Amino acid sequence: MKKQNSASDYIRALGDCTLDDIKLVGGKNASLGVLIGALTSKGVQVPAGFAVTINGYWDFIYANKLREPVEKLLSGLDRENFSNLRETGTAIRDLVEHALLPENLSAEITVSYAVLCEHYGSNTDVAVRSSATAEDLPDASFAGQHESYLNISGEQALLIAVHKCFVSLFTDRAIKYREDHGFDHMKVGLSVGVQKMVRSDIASSGVIFTLEPESGFRDIVLITGGWGLGENVVQGTISPDEFYVFKPTFLRGKQAIVQKKTGSKAKMLVYAAGLDHQPGIGTSNIDTPEAKRDAFVLRDDEINKLAGWAMLIEQHYKQPMDIEWAKDGFTEELFIVQARPETVQQRRNPHVQKEYVLSGKGKKIAEGNAIGGKIVSGIARVLHDPSEREKLQAGEILVTEIANPDWDPIMKKAAAIITDRGGRTSHAAIVARELGLAAIVGTGEGSKKIRDGQQVTVSCATGKNGVVYEGLLAWEEKEYDLRNITLPKTQAKLIVGDPDQAFGLSFLPSTQAQKPKLKNWRRVMRTKNSFL
């Protein structure tokens, strides 16, 4: 699609953005532009909107003479232990919060919002999302480092939300992330995406991976979802539903949903002023009605539609993708609201496999979704709030109710992570994979069952289910280079015998004659409630 030049230095329609514009609108907005420009003609639906370009951010910085004082504060950051990270971040955010948006920037945002309202209606509700110039890159996702604001309605509320996005470039977690990845703080700017809200507050939303995110198995689409707005799934506030779709079968036009699993979905994020379904300001997290907790958030035809869209997006990008979806409760339509490259498995060496095997037995304390495929033991440190970060010593096991982006600097000190809530596509799971940590998410009451200071062993080495054991158990760790393995002459029973580990075991070398037929594998899935 030919790029249309905008007359504005500050505004770019999302549909006019391409991947060549990352330095202007950030990774998130550039990706949305790709979706709109290349895939809407193929049926993928993406809400319209506009981007406040990086020029707006830098003019804001220079108009308020913020560069020098921000650099001075950053120069005093303890880069060895980050003992003053909170104080440094707070001081910088205070400077940025008290600055003013330039009048011409505010005017152009207001005009662009008015154009959006002409299409969707007066004071239309929008999502306002940060999009950094170093965000959603193949080697650094920046997932969750900056803020998003949902259900924003009206000119003044929009300007405030844009300003808050600028402030969020200096959250403690974003500062620490840039330090860890070697980014110059004053060379990373922020664009802001303003996009029509999908009314998933009265329907459902969630996350899609175009591979199995734990093993890297490429022939599966994993869809997770919960009731209400998608932040609960993304942040790991709830344990979502999970749906697995087998790509080869789907592409042959056959029934390809190989597993559906209900999550507890204890909370649903709705409009704060919209319990009567009206736009307002912000959101409210309420208890999910009992009837909805046991019901799937998607029908089979909707699962298949999202899986098909996900494969189109992956095909266009030519790499595995991490996608966010939403369903409109009024129109029953499905939408894609974000897409970014998957950043963990593409860095993995597929030829090297590690095996962890417990050599002792212990009392089971808690269990949940296994992340990382490792075994770790140590002292459990139960924390209830990021402000307790000093209690966690390097190498201890972090135990908490939920690990959202505010926990990122703390998670980097941990040897393993255990959470009460969250699924395989939650923020805690993604960060654990990115850091190479073992994690067990969605344990239910792990933070209550595990005592602060207790010695525990975290085992994520036996498939999808992770277990926390009492005490420091012994285990063996082995590494194999699959290129150096001689194939045995034996019947293929490995996956049939342990279907729960099928995705990971699929990487082991085998001859074509040894591979069981797909129809037999599907029988195993049905019988064992598991899958290939």
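Observations on the model:
- Projection of the Cα convex hull of region 200-343, averaged over all directions and equal to a quarter of that hull's surface, yields 8.6 nm².
- Pairs of Lys residues in region 1-123 that lie 8 or more places apart, or on two chains, and have C-alpha atoms under 24 angstrom apart add up to 8.
- Gain in span if fully extended, Lys254 to Lys448, counting 0.36 nm per residue against the direct Cα distance: 65.4 nm
- For Lys265, the aspartates and glutamates whose Cα falls under 16 Å of its own Cα, not counting residues fewer than eight places away in the same chain, are Asp201, Glu231, Asp241, Glu242, Asp287, Glu290, Asp294, Glu401, Asp420, Glu445.
- Here Lys478 is the anchor, and the aspartates and glutamates within straight C-alpha reach of less than 12 Å, apart from those fewer than 8 places off in the same chain, are Glu355.
- Relative compactness, region 13-96, computed as alpha-carbon Rg over 2.2 N^0.38 Å: 1.53
- Remark: for residue pairs Lys196/Lys318; Lys327/Lys364; Lys267/Lys448; Lys413/Lys448, the C-alpha separation exceeds 30 Å in Lys327/Lys364.
- Among 192-198, 233-239, sorting by the average number of other beta carbon atoms lying within 10 angstrom of each residue, highest first, gives 233-239, 192-198.
FYI, it's all coordinate maths here, none of it is from the lab. Quick caveat, the model's predicted, so the values are computed rather than measured. Glycine also receives a Cβ, built like all others from the backbone with ideal geometry; neighbour counts cover every protein chain displayed.
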